[in-house]
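> Below is one structure. I have some questions about it.
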Amino acid sequence: MSKPSFIQEHVPLAPFSTFKIGGPARYFFKAERVEELIAALAWAHKRKIQLFILGGGSNILIHDEGFKGLVIKIDFNEVRLEDEVLEVGAGVPVIPLARKLTKDGWRGLEWAGGLPGSFGGALRGNAGAYRYEIGEQTVSVTVLHKGKVEELSPELCAFVYRTSIFKTKRAGDIIIKMSLRLKKGDAREAWAQLQCWLDHRHSHQPDTPSAGCVFKNYLIEKEKEFDRIDIIKPVPQEYHEYKKIPAAWLVEQSGLKGLRVGEAEVSRKHASFITNTAEARAADVWELMRQIKQQVYNTFKVMLEEEVQLVGFESAPPVVR
Ligand SMILES: Cc1cc2nc3c(=O)[nH]c(=O)nc-3n(C[C@H](O)[C@H](O)[C@H](O)COP(=O)(O)OP(=O)(O)OC[C@H]3O[C@@H](n4cnc5c(N)ncnc54)[C@H](O)[C@@H]3O)c2cc1C
């Protein structure tokens, strides 16, 4: 089976990542049609070529050596709004559509007016902000599962904090499109809400290249865990209410804001962000992540978990002991 003509070779990946870091893809193609996607998958499967599904590249760290397999950039771009249900292709960038719909008085995506990346990437990681999550609005999801197109209910997607079935049991599925519930409302009110959250983002997040929060917030299952951490550093009351401690707080309280490795730096504005201050390498970011995990563990005996997805790394970052 020869390589489909639409598959390119040696394509630089850094421009496809908001971090602006990483080497090239050995093979690369933009999937705009399901038939092409199926053909590319069949070719890769036959040659035992590893796959990586790329959305908007806003939650990934690509290895300096790049990715030796096939990167499939999801580019399904249809958008349809009918009876308060938005049907949206997985490749559609979130920010422009969320802003346009909000401006037109559609309510439900105000929280996403500053969320980088694509709808597919957002759905897989159950992205959220300001106490909203994309999973809560999901009506149905269309995926490519073992070569067949399937439609899934939100219950089947098992959305929980920053995860879904597409990170676990169905990690091999490719999200093609989804339907989201919106509501018609007052356009001025909707836009004011979006602007308010956008202003909050601008004042709390860095504008240098990053991949958003590198670590997940720490979920607290037992109140006793709060008591234990409280003795080390007093935990703000609001975290008790949400039953989680922001990774940014743990990093900041461990004294790590501004810590640097090469040109990668723990943001001084938001301690769960690592920023690429100039030409950071993935190796710098990886090492910084390792140091953060180690220090937070030393301070709080809490093991932070990565939120960012590693691409082209043969193994996970070293385990802290
Ligand atoms: C400045 C900044 C602010 C951010 N703020 C937030 C925030 O407030 N809340 C939040 O939750 N996140 C935030 N993020 C992180 C990021 O924007 C989200 O996680 C986003 O939803 C990722 O989508 P993406 O399309 O960029 O995914 P990518 O980074 O391209 O991919 C992430 C993962 O999803 C997989 N994937 C992507 N598309 C598909 C698909 N169609 N089918 C199957 N798998 C797929 C990839 O294989 C990869 O494993 C922020 C990031 C930045 C840079």
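> Are there any pairs with C-beta distances below 6 angstrom linking a residue in the range 108-133 that is assigned by TED's automatic domain parsing to the domain that holds Val160 to a residue that is within 8 Å of the ligand (Cβ to nearest atom) and basic (Lys, Arg), with the two at least 6 apart or on different chains, and if so which?
Here the result reads Gly114/Arg201; Gly125/Arg162; Asn126/Arg162, each pair linking the range 108-133 to a residue that is within 8 Å of the ligand (Cβ to nearest atom) and basic (Lys, Arg).
> Also: Would you confirm, using the coordinates I've provided, whether Thr142 is within 11 Å of the ligand (Cβ to nearest atom), assigned by TED's automatic domain parsing to the domain that holds Pro116 and of a type outside the set (A, V, I, L, M)? Working first, answer last.
On the way: within 11 Å of the ligand (Cβ to nearest atom): yes; assigned by TED's automatic domain parsing to the domain that holds Pro116: yes; of a type outside the set (A, V, I, L, M): yes.
Considered against the rule, which asks whether it is within 11 Å of the ligand (Cβ to nearest atom), assigned by TED's automatic domain parsing to the domain that holds Pro116 and of a type outside the set (A, V, I, L, M), Thr142 comes out as yes.
> Failed condition for Leu61, given (1) surrounded by fewer than 22 Cβ atoms within 10 Å (Cβ to Cβ); (2) of a type in the set (A, V, I, L, M); (3) touching a residue at least 40 places away in the same chain (Cβ under 8 Å), with all others met?
Failing condition for Leu61: (1).
> Do we find a residue being out of contact with any strand residue (DSSP E or B) (no Cβ under 9 Å at 6 or more places or on another chain), of a type in the set (D, E, K, R) and more than 12 Å from the ligand (Cβ to nearest atom) anywhere in the range 10-26?
no
> Regarding Gly117, is this residue surrounded by 21 or more Cβ atoms within 10 Å (Cβ to Cβ), over 12 Å from the mean Cα position of the chain (by Cα) and within 11 Å of the ligand (Cβ to nearest atom)?
No; evaluated as a whole, the condition is false for this residue.
> Output the residues belonging to the range 242-268 that are of a type in the set (Lys, Arg) and at pLDDT 95 or above.
Lys257, Arg260, Arg268
> Let me ask something else. How about the range 143-163: which of its residues are in contact with a Leu (Cβ under 7 Å, 6 or more places away or on another chain) and modelled with pLDDT of 95 or more?
Val143, Leu144
> Another question, if that's okay. Please go through (1) touching a Phe, Trp or Tyr at 6+ places or on another chain (Cβ under 9 Å); (2) outside any strand (DSSP E or B); (3) surrounded by fewer than 21 Cβ atoms within 10 Å (Cβ to Cβ) for Ala42 and return the number of the only condition it doesn't satisfy.
Unmet condition: (1).
> To continue, here is another question. Would you pick out the residues in the range 46-59 that are part of a loop (DSSP other than H, G, I, E, B) and within 24 Å of Val214 (Cβ to Cβ)?
Our first condition is that a residue be part of a loop (DSSP other than H, G, I, E, B); within the range 46-59, this holds for 47-50, 55-59.
Scanning the range 46-59 gives Gln50, Gly55, Gly56, Gly57, Ser58, Asn59.
> Sticking with this structure for a sec: List the residue pairs whose Cβ atoms are under 8 Å apart, where the first residue sits in the range 276-305 and is closer than 22 Å to Asp64 by Cβ and modelled with pLDDT of 95 or more, the second is surrounded by 18 or more Cβ atoms within 10 Å (Cβ to Cβ) and among the polar types (S, T, N, Q), and the two are 6 or more positions apart or on different chains.
Asn276/Ser210; Val285/Asn276; Ile292/Ser254
> Working only within the range 176-188, note down all residues that are within 11 Å of the ligand (Cβ to nearest atom) and among the basic types (Lys, Arg).
Once the filter is applied, which keeps residues that are within 11 Å of the ligand (Cβ to nearest atom) and among the basic types (Lys, Arg), the range 176-188 yields only Lys177.
Here's the yes/no breakdown for (1) more than 15 Å from the ligand (Cβ to nearest atom); (2) over 22 Å from Leu81 (Cα atoms); (3) without any contact (Cβ under 8 Å) to a residue 40 or more places away in the chain:
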{"residue": "Val149", "(1), (2), (3)": "no, no, no"}
{"residue": "Ser153", "(1), (2), (3)": "yes, no, yes"}
{"residue": "Ser164", "(1), (2), (3)": "no, yes, no"}
{"residue": "Arg170", "(1), (2), (3)": "no, yes, yes"}
{"residue": "Ile174", "(1), (2), (3)": "no, yes, no"}
{"residue": "Cys196", "(1), (2), (3)": "no, yes, yes"}
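> Got a sec? Which of Asp186, Asp207, Asp199 is over 23 Å from the mean Cα position of the chain (by Cα) and more than 30 Å from Lys148 (Cα to Cα)?
Answer to the check: Asp186.
> Continuing with the same structure: Which one of Pro4, Pro96, Pro15 is under 16 Å from Ala122 (Cα atoms) and without any contact (Cβ under 8 Å) to a residue 40 or more places away in the chain?
Matching residue, one of Pro4, Pro96, Pro15: Pro96.
> Checking the structure you have, find out if any residue of the range 65-76 is small (Gly, Ala, Ser), touching a His at 6+ places or on another chain (Cβ under 8 Å) and either under 24 Å from Val285 (Cα atoms) or away from the ligand (no atom under 12 Å from the Cβ) (or both).
So far as the range 65-76 goes, no, none of its residues is small (Gly, Ala, Ser), touching a His at 6+ places or on another chain (Cβ under 8 Å) and either under 24 Å from Val285 (Cα atoms) or away from the ligand (no atom under 12 Å from the Cβ) (or both).
> Would you please name the residue that is nearest to Phe273 (Cα to Cα), looking only at residues in the range 204-219 that are surrounded by fewer than 19 Cβ atoms within 10 Å (Cβ to Cβ) and without any contact (Cβ under 8 Å) to a residue 60 or more places away in the chain?
Asp207
The values are calculated or read from the model by the stated rules, or taken from the named source; none is laboratory data. Remember, predicted model here, so these are calculated numbers, not experimental data. Glycine also receives a Cβ, built like all others from the backbone with ideal geometry; neighbour counts cover every protein chain displayed.
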